[in-house]
1. If we scan segment 94-114, do we find a residue that is at pLDDT below 95, farther than 21 Å from ALA244 by Cβ and open to solvent by less than 70 Å² (accessible area, probe 1.4 Å)?
2. Scan segment 174-197 and tell me whether some residue there is among the aliphatic types (A, V, I, L, M), modelled with pLDDT of 90 or more, in contact with a Lys or Arg (Cβ under 9 Å, 6 or more places away or on another chain) and assigned to a loop (DSSP other than H, G, I, E, B).
3. I'd like to verify a number: residues in segment 41-88 that are of a type outside the set (A, V, I, L, M) and over 27 Å from SER134 (Cα atoms), how many?
4. Here are the criteria: (1) touching an Asp or Glu at 6+ places or on another chain (Cβ under 9 Å); (2) more than 24 Å from ARG259 (Cα to Cα). Tell me which single one GLN74 does not satisfy.
5. Here is a check on your reading of the model: is ARG58 surrounded by 12 or more Cβ atoms within 10 Å (Cβ to Cβ) and over 24 Å from ASN210 (Cα atoms)?
6. Among the residues of segment 1-39, which ones are free of Cβ contacts under 8 Å to residues at least 24 places away in the same chain, open to solvent by 70 Å² or more (accessible area, probe 1.4 Å) and either hydrophobic (A, V, I, L, M, F, W, C) or within 21 Å of ARG58 (Cβ to Cβ) (or both)?
7. Examine segment 228-247 for a residue that is assigned to a helix (DSSP H, G or I), in contact with a strand residue (DSSP E or B) (Cβ under 7 Å, 6 or more places away or on another chain) and buried (at least 19 other Cβ atoms within 10 Å of the Cβ), and state whether such a residue exists.
8. Among the numbered conditions (1) closer than 18 Å to ARG65 by Cβ; (2) among the charged types (D, E, K, R); (3) in contact with a strand residue (DSSP E or B) (Cβ under 9 Å, 6 or more places away or on another chain), tell me where GLU41 comes up short.
Amino acid sequence: MRLLDLLTAAGRDWVSGEAISTQLGISRAAVWKQIEALRAEGYEVEAAPRRGYRLAARPDKLSVREIEAGLTTQRFGRPVEAHEAIGSTNERAKELARSGAPEGLLVTAEQQTAGKGRLGRPWQTPAGRALAMSVLLRPPIPPTAAPRLTLVAAVAVAEAVRAVTGLPVGIKWPNDLQIAGRKLCGILTEMEAEIEQVRFVVLGIGLNVNQAAEEFPPELRETATSLRLAAAEGSASEGGLPVARLPLLQAILARLEVRYDQFLAGGWPELLAAWRELSVTLGRSVRVIPASGAPIWEGTAVDVDAEGALLVRRPDGSTERVIAGEVSIRPTTA
């Protein structure tokens with residue numbers, strides 16, 4: 001909308017109705033109708049006699065217009081497909097990938113009704129309270145290297161969240177984001193490939209932003225959190241102040257593009273070092289639940305290897321390589 005562009009360009013300055021009318025080539029009555037249309041979309045537009053109009057606030061809405069307005073990326077988020085509600089952003093991104101969509105495509109939604117996390121678990125995205133986004137990648141790599149992208153994405157998202165919020169977010173192997181031991185974000189990597197070449201990878205990111213404690217299912221209230229709840233910990237703010245989602249989404253895309261390009265340029269060792277720095281798993285006692293159904297066992301997470309597999313030392317001193325399954329961090333004992 002050209003009116004929004006005019007008001008945006010003016011910043012905090014007033015723009016007269018006459019100037020808008022002239023620049024847009026429409027009547028003053030039509031200007032007023034467009035102002036009302038913007039307000040209906042959630043934009044706060046101030047009006048004052050003899051001064052005109054100015055944009056006071058933008059809605060924290062995941063619309064194509066708002067996402068594109070603040071992008072600093074070259075490819076990621078270009079193009080954007082934004083939904084009010086969708087079953088799964090990952091499923092939609094895979095659909096578009098098979099139809100030839102370009103690398104960098106972003107699919108996002110205000111609400112997901114059939115989101116999923118690792119190991120096929122459901123992932124809830126309540127309307128307007130979280131980020132649900134999927135980014136399409138077409139890396140020129142063999143399928144065996146694709147799991148590395150899971151760790152690359154975890155590093156990028158953690159760095160973006162830290163930069164925007166200042167919260168000490170860490171990574172639980174392989175790609176869950178946590179703060180104070182509670183899960184904040186899940187990343188789901190899905191791939192389609194030939195024998196020797198990846199066709200595409202979809203990175204699905206689900207980040208809890210403004211949920212209140214009671215919005216999580218009862219079984220998750222002790223283990224899940226949101227940025228708003230985490231920011232409220234130890235502060236006098238009851239429930240915490242809302243966190244703007246748009247700057248967060250744009251920062252994630254920007255950091256993801258930087259780290260992905262680094263990966264493609266051969267920077268995997270540096271990325272792995274960054275993952276280690278952000279890890280909340282290494283050095284901790286962990287419980288391993290193998291995907292194969294083998295017996296559960298415990299040990300100490302000591303490192304990740306060159307492929308991103310977790311190395312866990314058993315009580316007998318042997319070290320085992322964990323590439324799949326569930327790893328939980330054991331409580332620290334006094």
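1. Looking through segment 94-114, at least one residue is at pLDDT below 95, farther than 21 Å from ALA244 by Cβ and open to solvent by less than 70 Å² (accessible area, probe 1.4 Å).
2. No, that holds for no residue.
3. Our first condition is that a residue be of a type outside the set (A, V, I, L, M); within segment 41-88, this holds for 41-44, 46, 49-54, 58-61, 63, 65-66, 68, 70, 72-79, 81, 83-84, 87-88.
After this cut, where a residue has to be over 27 Å from SER134 (Cα atoms) as well, the list is 44, 46, 49-54.
Within segment 41-88, residues that are of a type outside the set (A, V, I, L, M) and over 27 Å from SER134 (Cα atoms) number 8.
4. (2)
5. Working: surrounded by 12 or more Cβ atoms within 10 Å (Cβ to Cβ): yes; over 24 Å from ASN210 (Cα atoms): no.
For ARG58, the condition - surrounded by 12 or more Cβ atoms within 10 Å (Cβ to Cβ) and over 24 Å from ASN210 (Cα atoms) - is not met.
6. ARG2, ASP5, ALA9, GLN23, TRP32, LYS33, GLU36, ARG39
7. Within segment 228-247, the first condition is being assigned to a helix (DSSP H, G or I), and the residues that meet it are 228-232, 245-247.
Narrowing further to those that are in contact with a strand residue (DSSP E or B) (Cβ under 7 Å, 6 or more places away or on another chain): 230, 245.
From the residues that got through so far, the ones that are buried (at least 19 other Cβ atoms within 10 Å of the Cβ) too are 230, 245.
Within segment 228-247, one or more residues are assigned to a helix (DSSP H, G or I), in contact with a strand residue (DSSP E or B) (Cβ under 7 Å, 6 or more places away or on another chain) and buried (at least 19 other Cβ atoms within 10 Å of the Cβ).
8. GLU41 satisfies every listed condition except (3).
The values are calculated or read from the model by the stated rules, or taken from the named source; none is laboratory data. Predicted, not measured: the structure shown is a model, and the values here were computed from it. Please note: Cβ atoms are built from the backbone with ideal geometry, for glycine as well, and neighbour counts cover all protein chains shown. For the accessible areas, the whole protein counts, side chains as well, though only heavy atoms, and no ligand, DNA or RNA atoms are used. Shrake-Rupley method; radii C 1.70, N 1.55, O 1.52, S 1.80 Å.
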